[in-house]
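No lab work stands behind these numbers, since they all come straight from the coordinates. Keep in mind it's a predicted model, so treat the numbers as computed, not measured. Because the Cβ atoms are built from the backbone with ideal geometry, glycine has one as well, and the counts that use them run over all protein chains shown.
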Amino acid sequence: MVIDGWTLFGFLANAFFTIRVLIQWISSERAKKCLAPPSYWWFSLAGAAVMIIYSLERLFDEQFQDAPTPLPMLIGTIASLVPYSRNLMLNYKASRKWHILSYIFGGGILLFCVGLLLYMDVQLIRTNWIIVGSIGSVIWYSRFMWQWIYAEKEQRSEFPISFWYVSLTGLGLNLIYSIAMGDIVFILQFIFNVIPISRNIMLMRNHGGRGIS
């Protein structure tokens, strides 16, 4: 594992993600039910922005060219900007024009992800580990797409209990892939989430499987 300036920069993303988890976890413990406070989504956006920059640097860094690629994490993080921003719209009861802009932003982000995937040279895939990383990232980041659909239906930002079960599945695969990558930033990002995810499942089961924002 290589620890350098970029690694420390990646830790900044982990700090934002850790803060969002602690905010959501503490808020839920106090209320004795699963909450989705607006600050959770703000720190999610901040962490995603830093992680995108880190992943891009890691992707093209020559010293990592023989290791599994962070491409699955990069695309997943970019795509996650869509549900993060939409949840903020729902939290703040934004006007119709902001909703329209967020839909345009979301469509652009998703098209960019497809374009990035098609543009990348096949050599960036490098090993069969890409299968594990891709499946893990699809599961891990699609949980926010599922949460987004659920929140749009309810017209408020909240988590269905399935969000947390999907989280555990994606977390396991991504942790394995991160270890194969030998990247301490991604390893710590995923390993820390085991406790709060498990705790949210317990809270929601006690609350009838429903989260309240």
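Ranked by the mean number of other Cβ atoms within 10 Å per residue, highest first, peptides 195-201, 47-53 order as 47-53, 195-201.
Between the helical axis of 96-119 and the longest alpha-carbon principal axis of the chain there is an angle of about 20 degrees. Sparse packing (at most 15 other Cβ atoms within 10 Å of the Cβ) combined with a DSSP loop state is found for the following trypsin sites (Lys or Arg not before Pro) in region 27-97: LYS32, LYS93. Compared with the dominant Cα axis of the chain, that is its longest principal axis, helix 38-60 is turned about 10°.
To the nearest ten degrees, helix 129-154 and the longest principal axis of the Cα atoms of the chain are 20 degrees apart. If only the Cβ of Lys and Arg carry +1 and only the Cβ of Asp and Glu carry -1, the dipole of region 5-206 around its Cα centre is close to 1060 debye. Straight-line cross-link reach from LYS93 at under 24 Å between alpha-carbon atoms covers these lysines, not counting any fewer than eight positions away in the same chain: LYS33, LYS153. The amide H of THR69, built 1.01 Å from its N in the peptide plane, has THR127 as neighbours under 5 Å, considering only residues 5 or more places off or on other chains.
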